[in-house]
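For reference, the structure is listed below as C-alpha cells.
The values are calculated or read from the model by the stated rules, or taken from the named source; none is laboratory data. Remember, predicted model here, so these are calculated numbers, not experimental data. Positions of Cβ are generated from backbone atoms using ideal geometry, with glycine treated the same way; all protein chains shown enter the neighbour counts.
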Amino acid sequence: MNSQSLVMLKNLSRCLLLFFFYSQVAVANVPAREFFTEPDFASISMSPDGKRIAGVRRENGEAFLEVSEASGRGGVYRLAATDLSKGKTSIDQWAWIDPVRLVVQSTSERRGIEDLLDTRKKSEWSVWDLSNSKPERASLKRITTPGWVVEALPDQEQEFLYAKSGAYSKIYRIRADQLSAPGKLSKLSAVDGGQFTASNEVRSVSGYAVRWFLDADSKPRAVLHFDSEGDLTLSAFNDEGETEVLEQWRDADKEPSKGKVVPIALAPGKGKFYGLDFNEDIERSIFLLDYESGEKTLIHEISAYKIVDLILSPLDGSLIGVRTVRNGNRVDEYFDKAVSGSKSQSGADIESELGRSPDGEKRLVYRESHNQPGVFLLYSSTSSKVVGERFPGLRGKLGGRLIEETFKVGDLDIPYLLSLPDNGTGPSPLVLLPHGGPIGVFDDRSYDPLTQYLVASGYAVLRVNFRGSGGYTAELKEAGKQQWGALMLEDIYRVTDSVVQRADIDRKRVCALGISYGGYASAMMATRHPELFRCAASIAGVSDINLMLNSTRLNPRQRAWSRDYIGDPRKDYDTLKAVSPAYLTSELQVPIFVAHGGKDEVVDPEHGFRLKTALEASGKPFEWYFDPEVGHSLGGPESRARIFERAKVFLDSVLM
C-alpha cells in the first residue's frame with residue numbers, strides 16, 4: 001500500500017470514528033427547548049377533602065388553573081387566565097375555600113399609547129365554583145370591592161376572609177354564594193351581596209394595612225400597617241383584641257445600613273414570624289424573628305430568584321417553600337422537609353409534603369433532585385401516582401451523578417458541585433459554570449436546567465461556590481467583599497485546577513461558560529489561564545467594572561452597596577480597569593463566545609459591545625450573538641433555548 005493510500009485510509013478511519021462519536025452524542029442529546037421551556041406545573045395543592053388536585057399550568061405561553069379528580073376519574077376543569085380578564089393576564093394566587101370552590105387572584109395589564117407611561121395593572125379576585133359535576137358548567141363570581149383574600153377558611157363551606165385597606169383597615173367574613181357573576185349589576189343588586197358591613201367585620205386597625213397575620217384557628221394575631229405618622233408598624237392583638245406595637249421602621253430607606261427585615265408570615269411559636277430582608281437587592285434571605293426574645297436568625301437562603309411570598313405547611317404551619325418570580329412567571333420552590341418513610345427510599349435531594357386528606361389516607365408530595373426537575377406525587381396506603389411534573393418532556397431522559405465536595409483555598413473551604421455524564425466513553429470534557437450575582441447567590445443540589453442540558457450533551461459541569469456565595473456560612477459570604485476580580489477568581493481557578501486532576505475529566509478539554517458575573521468570571525479564566533481553559537463563553541457578562549459601577553440605573557442604596565462590596569470607581573478606577581475583560585483582550589489566547597441582549601437593564605448591552613470592539617481591534621477569534629429583544633433573564637423559552645444552543649455549538653466546535 002503506497003503512502004497516499006495509507007493517508008486516505010487513516011482519514012477514512014478517523015471520519016468513521018468521528019461519525020460514530022457524534023451519532024452517539026446526537027442520540028443522547030435532548031433538545032434545548034425541553035430544558036428551557038416554562039414549567040408545566042408551577043404549583044399544586046389538594047382540596048380540603050382530599051378528593052381533587054388543583055394546579056397552575058402553562059400551555060403555549062398561556063396560564064390556566066386545572067382541577068382533576070384525585071382518583072383519576074371524572075372530567076378535568078380548566079380556568080384560563082383570559083377567562084378572568086381580557087388582554088395580558090396572569091394567575092397570581094389561588095386557594096381552596098371548600099372542597100368544590102377556589103378563590104383566584106388575577107392581574108391584568110392595561111397598556112395605553114406606546115412610549116407613554118400609562119400602563120396600569122389591575123388585580124381582581126374571583127371565586128371559581130366547581131359544584132356542578134360537569135366541567136363546562138363551572139361558574140365564576142367576581143369580588144368587585146378592592147382588597148385581597150387573607151384566609152381561605154377551607155373548613156367552612158363557602159366562606160373566606162377578605163381585607164380592605166384605607167385610613168382604617170378591616171377584615172370581613174365573606175360568603176361566596178352571595179357574590180355576583182361577572183358583568184353589570186342590576187339596579188336591585190347590592191355590590192358583593194352587601195357583605196362589607198359591620199356585622200361581617202372580624203378585625204380592624206387604624207392605618208393602611210399591607211399584611212395580616214392569622215393563626216392556625218384563622219384568628220388575626222398581628223398586622224403590618226402604616227400608622228398615622230406614616231411609619232411602617234407591626235402590631236399584635238391579644239385575645240381581648242387589645243393592640244401592642246412589636247416593631248416600627250422609621251425612615252429605614254434613608255439609612256441603607258440599617259437592617260429592614262420585615263415579617264411576612266407567622267411562624268410556629270408565640271411572638272415568632274418569618275421575615276424577608278428588604279435591604280437586599282433581591283429578596284433571597286429568610287429570617288426567623290422572635291419578638292419574645294428579640295432574636296433575629298437567618299434560617300434559609302434561596303439561590304437567585306426574588307421571593308414574593310412564603311409557603312407554609314398546611315399540617316403544622318412550618319416553612320416548606322417560597323413563591324418566586326422566574327423569568328416573569330411565579331413558580332413555587334420547595335425546601336427539603338422529609339416525608340415519613342419515603343426519604344431514604346426515594347434518594348431525592350428535596351422532598352416535602354404539601355398536603356394530606358382529613359383521614360390521612362392521601363398525601364401530596366413534591367420531589368426533586370439534581371437530575372429530576374420536580375414531580376408531584378399522590379400517595380395512598382396502597383399506591384402512588386404522578387399528578388403533575390415540572391418538565392414532562394424530560395421524563396426518564398436525564399442521568400448523570402453529582403459529587404459535592406469542598407476544596408481549601410487559604411483558610412476557607414470552598415464548596416463545589418461536579419455533575420458527571422453517563423457517557424461511559426472515558427474522560428469527559430469539562431465546562432466550568434460560575435454562577436452570577438455574585439454576592440449571596442449560590443449553586444445547590446437542586447435541579448439546574450443549564451447544568452443538566454450540558455450533562456445530557458456529554459459534558460461534565462463544575463459549579464464553584466466561591467467566596468461571596470450565599471447558602472453556606474456568613475464567613476464565606478463576607479469573604480467576597482472587595483474580591484470581585486481577585487480572590488473570587490482565585491477560588492474558581494484553584495478548584496477547577498484540582499478537579500481536572502480526576503481520571504474521569506479530560507484536562508485538555510476545559511471551557512468556562514457563565515451568565516452575568518459568571519460571564520465575567522469565564523472571560524477572566526480564559527484570559528488568565530490559557531494553559532487550562534481552551535475557550536470561554538460570556539453571556540450577558542460584565543466586561544467593564546467601572547461602567548457597571550457608574551450606571552445611572554443604580555439607586556443610592558445599590559450604589560452604596562456596590563462601592564462597599566465591589567469597589568469605588570472614584571478611588572479604584574485603575575485597579576478595576578485592570579481586572580475588566582474589555583481592556584485585556586490582547587492577552588486572550590483562546591476563542592470566546594460573547595452574547596448579550598438589547599434590553600438588558602442589569603448589565604447594559606454596552607458591556608457586550610465594548611468587549612466585541614476590543615476583540616476586533618486585537619484580532620482575536622470570537623463569536624458574537626446579539627438579540628435586541630431580550631433582557632438580562634434572556635427572554636422567554638425560545639430565546640433562552642436559542643442562545644444556549646448557540647453556546648453549545650461553540651463549545652462543541654472547540655471541545656468535541
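Computed values, structure above
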{"quantity": "Subset of the range 258-277 [without any contact (Cβ under 8 Å) to a residue 40 or more places away in the chain and surrounded by 15 or more Cβ atoms within 10 Å (Cβ to Cβ)]", "calculated": "Lys260, Val261, Val262, Gly271, Lys272, Gly275, Leu276, Asp277"}
{"quantity": "Check on Ala486, aliphatic (A, V, I, L, M), under 25 Å from Gly567 (Cα atoms) and out of contact with any Phe, Trp or Tyr (no Cβ under 7 Å at 6 or more places or on another chain)", "calculated": "yes"}
{"quantity": "Matching option when the condition is touching a strand residue (DSSP E or B) at 6+ places or on another chain (Cβ under 9 Å), farther than 26 Å from Glu34 by Cβ and either buried (at least 18 other Cβ atoms within 10 Å of the Cβ) or not β-branched (Val, Ile, Thr) (or both), among Gly608, Gly619", "calculated": "Gly608"}
{"quantity": "Filter pass, Arg563 being at pLDDT below 95, in contact with a Leu (Cβ under 8 Å, 6 or more places away or on another chain), farther than 25 Å from Ile643 by Cα and among the basic types (Lys, Arg)", "calculated": "yes"}
{"quantity": "Checklist (1) farther than 17 Å from Arg445 by Cβ; (2) touching a strand residue (DSSP E or B) at 6+ places or on another chain (Cβ under 6 Å) applied to Val375, failing item", "calculated": "(1)"}
{"quantity": "Members of the range 375-391 found to be assigned to a strand (DSSP E or B) and either hydrophobic (A, V, I, L, M, F, W, C) or surrounded by fewer than 17 Cβ atoms within 10 Å (Cβ to Cβ) (or both), listed by number", "calculated": "Val375, Phe376, Leu377, Leu378, Ser384, Lys385, Val386, Val387"}
{"quantity": "So Ser522, is it of a type in the set (Ser, Thr, Tyr) and under 24 Å from Leu420 (Cα atoms)", "calculated": "yes"}
{"quantity": "One residue from Ile414, Ile403 being in a strand (DSSP E or B) and in contact (Cβ under 8 Å) with a residue 60 or more places away in the chain", "calculated": "Ile414"}
{"quantity": "Unique match (being of a type in the set (A, V, I, L, M), touching a Ser or Thr at 6+ places or on another chain (Cβ under 6 Å) and outside the structural domain of Arg563 (by TED's automatic domain parsing)) among Leu377, Leu364", "calculated": "Leu377"}
{"quantity": "Among the residues listed as Leu161, Leu179, Leu188, the single one being more than 20 Å from Ser131 (Cβ to Cβ) and at pLDDT below 95", "calculated": "Leu188"}
{"quantity": "Condition met for Val590 (of a type in the set (Val, Ile, Thr), in a loop (DSSP other than H, G, I, E, B) and under 30 Å from Lys508 (Cα atoms))", "calculated": "yes"}
{"quantity": "Sole residue being surrounded by fewer than 18 Cβ atoms within 10 Å (Cβ to Cβ) and more than 21 Å from Gly470 (Cβ to Cβ), chosen from Arg563, Arg557, Arg507, Arg534", "calculated": "Arg507"}
{"quantity": "Subset of the range 392-428 that is exposed (fewer than 14 other Cβ atoms within 10 Å of the Cβ) and among the polar types (S, T, N, Q) - its residue that is farthest from Asp497 (Cα to Cα)", "calculated": "Thr425"}
{"quantity": "Lone unmet requirement of (1) within 23 Å of the chain's Cα centre (by Cα); (2) surrounded by fewer than 19 Cβ atoms within 10 Å (Cβ to Cβ); (3) not basic (Lys, Arg) for Gly468", "calculated": "(2)"}
{"quantity": "Yes/no for Ser498 being farther than 28 Å from Gly393 by Cβ and in contact (Cβ under 8 Å) with a residue 60 or more places away in the chain", "calculated": "yes"}
{"quantity": "The range 278-287, residues that are among the hydrophobic types (A, V, I, L, M, F, W, C) and either surrounded by fewer than 18 Cβ atoms within 10 Å (Cβ to Cβ) or within 20 Å of Asn555 (Cα to Cα) (or both)", "calculated": "Phe278, Ile282"}
{"quantity": "Looking only at the range 64-79, and only at residues there that are within 23 Å of the chain's Cα centre (by Cα) and without any contact (Cβ under 8 Å) to a residue 40 or more places away in the chain, the one that is farthest from Arg326 (Cα to Cα)", "calculated": "Glu66"}
{"quantity": "Qualifying residue in the range 597-604 (condition: out of contact with any Gly (no Cβ under 8 Å at 6 or more places or on another chain), at pLDDT 95 or above, closer than 20 Å to Met525 by Cα and surrounded by 15 or more Cβ atoms within 10 Å (Cβ to Cβ))", "calculated": "no"}
{"quantity": "Tally, over the range 201-220, of residues that are touching a Ser or Thr at 6+ places or on another chain (Cβ under 6 Å) and either without any contact (Cβ under 8 Å) to a residue 24 or more places away in the chain or hydrophobic (A, V, I, L, M, F, W, C) (or both)", "calculated": "2"}
{"quantity": "Criterion: within 30 Å of Asp227 (Cβ to Cβ), at pLDDT below 95 and either assigned by TED's automatic domain parsing to the domain that holds Arg57 or hydroxyl-bearing (Ser, Thr, Tyr) (or both) - qualifying residue of Glu109, Glu136, Glu114, Glu124", "calculated": "Glu124"}
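Residue by residue, here is whether (1) in contact with a Phe, Trp or Tyr (Cβ under 7 Å, 6 or more places away or on another chain); (2) closer than 21 Å to Val431 by Cα; (3) of a type outside the set (A, V, I, L, M, F, W, C); (4) not assigned by TED's automatic domain parsing to the domain that holds Val500 holds:
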site: Glu531; (1), (2), (3), (4): no, yes, yes, no
site: Asp544; (1), (2), (3), (4): no, no, yes, no
site: Asn550; (1), (2), (3), (4): no, no, yes, no
site: Asn555; (1), (2), (3), (4): no, no, yes, no
site: Leu584; (1), (2), (3), (4): no, no, no, no
site: Gln589; (1), (2), (3), (4): no, yes, yes, no
site: Val594; (1), (2), (3), (4): yes, yes, no, no
site: Phe609; (1), (2), (3), (4): no, no, no, no
site: Trp624; (1), (2), (3), (4): no, yes, no, no
